[in-house]
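This report concerns only the one structure given below.
The values are calculated or read from the model by the stated rules, or taken from the named source; none is laboratory data. Predicted model only: the values in this text are computed from it and were never measured. Positions of Cβ are generated from backbone atoms using ideal geometry, with glycine treated the same way; all protein chains shown enter the neighbour counts.
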Amino acid sequence: MSVASSKPLVAASASERLSALVNDVPGWTPHDQLLALHFLAATTGDIPGDILEIGSWCGRSTVALAWGASVCGDDRVYSVDLFPEGDDWYVNADGTHSFRVVIDGREIPAYTDQRVWDEPFQRDIAPLYRNGGSIRERFQQALTDHGVAERVTTTRGDIGLFAEAAPPDFRCRLAFIDGDHGLQAVRRDVRAVERYLQIGGWIAFDDAFTGYDGVDQCITEDIINSGKYEPGYRCTRKMFIARRVA
Ligand SMILES: C[S@@+](CC[C@H](N)C(=O)[O-])C[C@H]1O[C@@H](n2cnc3c(N)ncnc32)[C@H](O)[C@@H]1O
């Protein structure tokens, strides 16, 4: 078999593993986007630094990134999430859902601007908490089941808490932003990530230009019009990526 003809087989096996991941791990990152994240993680290993993810939920995107990182020596995925428990959620007056967590005595609110509609909450979120279910435990189980627990460093918190605990020399070559989608929250994540993102490194956003105004405005103003990134593009239906140049 020629080398050229073996390449699609590599892609096919990654695709198959990612299909199993979609079936096993609850979450919102679709197969095409997992494949894109996986290949971004695997093909940017020439840039020094690790991978930073904000917004992991049960670990679906985390595992795809970690599989990609695993072809680049010891590179790690740093995962940051508030990991809300069932009773952290509350219902707003309009029937939407938000949550707040208390970590080390600090209250951190989430989804106060971009709230979760009741229908997706009842369908995708509430069932995970039945019978004492825990998102953090599901996340850890997914990493273990898919063989990447040793490759992922997890912070329960927001990017501010991550910054307090991060190694002083921490740098990243790829950052995936999929946390709170309100404008101020995404903007805070981007500004913090830029302290670590290497020149030549990539930033990726979930839910780009698909109805989340905060995400769209942040990408437009802070990435596309900032002069700090190459133009960037939607590489899947809902993921926007750009390469940092300044
Ligand atoms: C859409 S989910 C992430 C989905 C995940 N990437 C996947 O592949 O399924 C968004 C996550 O962001 C987390 N989150 C919300 N606000 C956050 C914040 N300020 N900092 C860190 N994580 C946050 C939520 O707890 C939730 O797990």
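Of the residues making up the range 100-151, those that are over 18 Å from TYR90 (Cα atoms) and of a type in the set (Val, Ile, Thr) are THR144, VAL148.
All of ALA36, ALA42, ALA110, ALA64 fail the test of being surrounded by 15 or more Cβ atoms within 10 Å (Cβ to Cβ), small (Gly, Ala, Ser) and more than 30 Å from ALA14 (Cα to Cα), apart from ALA110. Assess whether ILE47 counts as being among the β-branched types (Val, Ile, Thr) and within 14 Å of the ligand (Cβ to nearest atom). No.
Of the residues making up the range 96-125, just one is touching a residue at least 24 places away in the same chain (Cβ under 8 Å) and among the small types (Gly, Ala, Ser), namely ALA110. With respect to the conditions (1) small (Gly, Ala, Ser); (2) on the phi > 0 side of the Ramachandran plot; (3) modelled with pLDDT of 95 or more, GLY73 lacks only one, and its number is (3). Checked against the criterion of being buried (at least 22 other Cβ atoms within 10 Å of the Cβ), among the β-branched types (Val, Ile, Thr) and touching a residue at least 12 places away in the same chain (Cβ under 8 Å), the range 77-95 contains one or more residues that satisfy it. Meeting the requirement of 2 or more residues that are near the ligand (Cβ under 10 Å from one of its atoms), the strands (runs of 3 or more DSSP E) wholly within the range 66-174 are 77-81, 97-103, 106-110, 152-156.
Considering only residues that are within 12 Å of the ligand (Cβ to nearest atom) and surrounded by fewer than 23 Cβ atoms within 10 Å (Cβ to Cβ), which ones fall in the range 191-205? Matches in the range 191-205: ALA192, VAL193.
For ALA185, the requirement of being hydrophobic (A, V, I, L, M, F, W, C), part of a helix (DSSP H, G or I) and in contact (Cβ under 8 Å) with a residue 60 or more places away in the chain is met.
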